[in-house]
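S.K.: The structure under discussion is supplied below as structure tokens; questions concerning it will follow.
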Amino acid sequence: MKLGTKLTLYLSLIIVLVLSGYGYLDILSRRDILIRKMKAEVRSTGRTLQVSLETISLPEKMEYVQGLIDAVSEYERTLGVIVYYQKRNLILHSHSLEKGIEPYLDLINRSIREDRPQEEFGTFQKVPIYSYAFPLKDSRGTSMGGVSILQRTSFMEEDIEKAKHNILITMFVLIGGTVALILFRTRKWVTQPISKLMEGIENLAKGNLDHQIDLKGGDELSKLARAFNQMAVDLRKAQEQIIREGEAKLELERSLRQSEKLATIGQLASGLAHEIGTPLNIIYGRTELIRRRLEDKEIQKNLDTILHQTERITKIIQQLLGFVRKKKPEQKALNISNILENTLDLLDHQIQKQRVTVVKEWRDNLPSVIGDPDQLQQVFLNLFLNAIQSMPDGGTLRLSVSTKRISKEGLEDGQQQYMEVCVKDTGAGMEREVIQNIFNPFFTTKDAGTGLGLMVTQGIVQDHEGWIMVESEVEKGSVFKVYLPSLQREVKGNG
């Protein structure tokens with residue numbers, strides 16, 4: 001709901017409440033005035049009737065009394081009159097009051113006992129009435145009896161209903177006019193300026209930093225529009241500066257990654273000598289055996305062994321050269337399990353030397369990821385090396401790969417499928433302070449470390465639109481979780 005509409009509704013609600021309260025109070029006031037007017041009218045009639053009846057002392061003039069009762073009863077608002085003579089227990093009343101007068105006789109008796117007028121609201125044969133009773137006295141002040149006048153209240157209720165109708169019409173007119181005025185003004189002063197501001201924000205979100213909002217005036221929204229225009233100009237300048245700095249930073253990061261590659265190669269040097277030396281020794285021994293036993297039936301088997309070990313040397317050297325060679329990052333579909341297997345091959349010597357058991361947990365036909373094989377191999381090489389080095393007395397390196405649908409801020413569809421690669425070791429673990437700083441440049445806990453490995457690893461993963469999470473507990477080991485966007489369909493790539 002738009003702000004202008006909300007403002008109109010809230011103001012209209014306030015107006016409705018105020019006018020409703022005013023109308024309710026006005027109705028109560030009119031009801032009170034009409035009731036007092038009716039009571040005054042009945043009391044005036046009662047005083048007139050009292051003067052006439054108290055001057056008549058002879059019961060023989062009852063016909064005259066009945067005439068007075070009938071004359072008063074002819075008034076359209078008067079339902080009837082009851083006259084009670086106490087000494088003779090004589091009751092005279094209007095012809096309209098044939099039955100059901102007992103409650104009003106009780107009211108007359110109460111007025112006689114208390115020697116003052118009595119009044120009450122009630123119903124007579126389902127007709128709402130107001131009854132007024134007063135005592136009668138002779139010239140000596142002795143009580144003669146009493147009178148009760150029954151007045152219809154329906155006329156008062158009709159007047160109140162008319163007042164309600166008039167107030168309701170007045171309220172509708174006032175509310176309609178006020179709402180129309182508020183709606184027109186809020187549209188001009190609020191809705192239209194806010195729509196222009198929203199249009200400017202949308203253009204800014206789309207990257208159009210040249211868009212300017214045209215709002216004239218001296219109110220707050222106009223000042224906000226001018227501040228927005230200045231912000232767009234500043235953002236355009238900042239964007240240009242960021243692009244320049246980003247290009248320089250990207251080149252620096254590439255250089256750092258290449259340096260980290262060379263540092264990693266140094267750590268692999270001792271293992272590489274073993275990896276190359278052992279197959280060469282086997283080749284040498286098999287060659288000697290073939291030379292001595294040319295007529296042996298196992299010549300073919302020995303030749304197969306030679307070929308197998310030669311291929312192993314070639315594979316190791318090719319992987320090493322491909323890892324060291326600096327080239328432009330590629331973007332292609334990759335099978336993440338192949339990359340993990342190739343990385344483990346490079347570290348086979350260190351794994352065996354430190355008596356580390358590798359447990360691999362992933363299924364076949366995993367979805368592919370898009371990225372550069374050399375860069376991703378560097379990511380897992382750094383993580384595997386750190387895990388192996390954290391277990392100098394041996395342990396278990398557990399690798400698992402799974403797919404997950406994860407909600408991430410900025411995704412239009414809300415969720416995207418990611419590949420989760422977990423690297424879990426049973427090493428010494430890390431304290432909270434170490435975890436908070438491991439991705440900072442030049443931070444290291446190793447005596448000969450550069451402090452760049454995990455920083456470069458994180459940068460590569462972020463370049464692949466992913467992220468890394470770390471969990472660790474001292475003396476229990478660490479878990480590094482790498483998340484990389486995966487293709488929705490399951491396709492085998494080339495690692």
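S.K.: Taking the stretch 59-99, which residues are over 19 Å from P135 (Cα atoms), part of a loop (DSSP other than H, G, I, E, B) and not acidic (D, E)?
M.R.: Y75, R77, H95, S96, L97, K99
S.K.: Further, regarding this structure: List the residue pairs whose Cβ atoms are under 7 Å apart, where the first residue sits in the stretch 450-472 and is assigned to a loop (DSSP other than H, G, I, E, B), the second is of a type in the set (A, V, I, L, M) and surrounded by fewer than 20 Cβ atoms within 10 Å (Cβ to Cβ), and the two are 6 or more positions apart or on different chains.
M.R.: Correct list of pairs: T450/A263; L452/L256.
S.K.: Given the criterion touching a Phe, Trp or Tyr at 6+ places or on another chain (Cβ under 6 Å), surrounded by 14 or more Cβ atoms within 10 Å (Cβ to Cβ) and modelled with pLDDT of 70 or more, identify the matching residue among I182, I160, I213.
M.R.: When all the criteria are applied, what remains is I213.
S.K.: If you don't mind, there's one more thing I want to ask. Restricting attention to the stretch 353-370, does a residue exist that is assigned by TED's automatic domain parsing to the domain that holds T457, in a helix (DSSP H, G or I) and at pLDDT 90 or above?
M.R.: No, the stretch 353-370 has no match at all.
S.K.: Moving to a separate point now. Name the residue, out of G80, G145, that is surrounded by 17 or more Cβ atoms within 10 Å (Cβ to Cβ), at pLDDT 85 or above, of a type in the set (G, A, S) and over 17 Å from E41 (Cβ atoms).
M.R.: Being surrounded by 17 or more Cβ atoms within 10 Å (Cβ to Cβ), at pLDDT 85 or above, of a type in the set (G, A, S) and over 17 Å from E41 (Cβ atoms) holds for just one of G80, G145, which is G145.
S.K.: Please verify whether G46 is over 60 Å from the mean Cα position of the chain (by Cα) and under 17 Å from S148 (Cβ atoms), treating the condition exactly as stated.
M.R.: Answer is yes for this residue.
S.K.: So which residues in the stretch 328-360 are within 15 Å of F384 (Cβ to Cβ) and within 39 Å of the chain's Cα centre (by Cα), if there are any at all?
M.R.: Result: I336, single match.
S.K.: Now for a different question. Take the conditions over 30 Å from E158 (Cβ atoms) and not acidic (D, E) and apply them to L53. Does it pass?
M.R.: Considered against the rule, which asks whether it is over 30 Å from E158 (Cβ atoms) and not acidic (D, E), L53 comes out as yes.
S.K.: When you go through K446, K424 one by one, which is the residue that is surrounded by 14 or more Cβ atoms within 10 Å (Cβ to Cβ) and either modelled with pLDDT of 85 or more or part of a loop (DSSP other than H, G, I, E, B) (or both)?
M.R.: K424
S.K.: Further, regarding this structure: At pLDDT 90 or above and either not assigned by TED's automatic domain parsing to the domain that holds M455 or not hydrophobic (A, V, I, L, M, F, W, C) (or both): is that true of R398 in this structure? Don't jump to the end; show me each part of the working.
M.R.: On the way: at pLDDT 90 or above: yes; either not assigned by TED's automatic domain parsing to the domain that holds M455 or not hydrophobic (A, V, I, L, M, F, W, C) (or both): yes.
Yes.
The values are calculated or read from the model by the stated rules, or taken from the named source; none is laboratory data. Note that the structure is predicted; figures quoted are calculated from it, not measured. Positions of Cβ are backbone-derived with ideal geometry, glycine not excepted, and every protein chain shown enters the neighbour counts.
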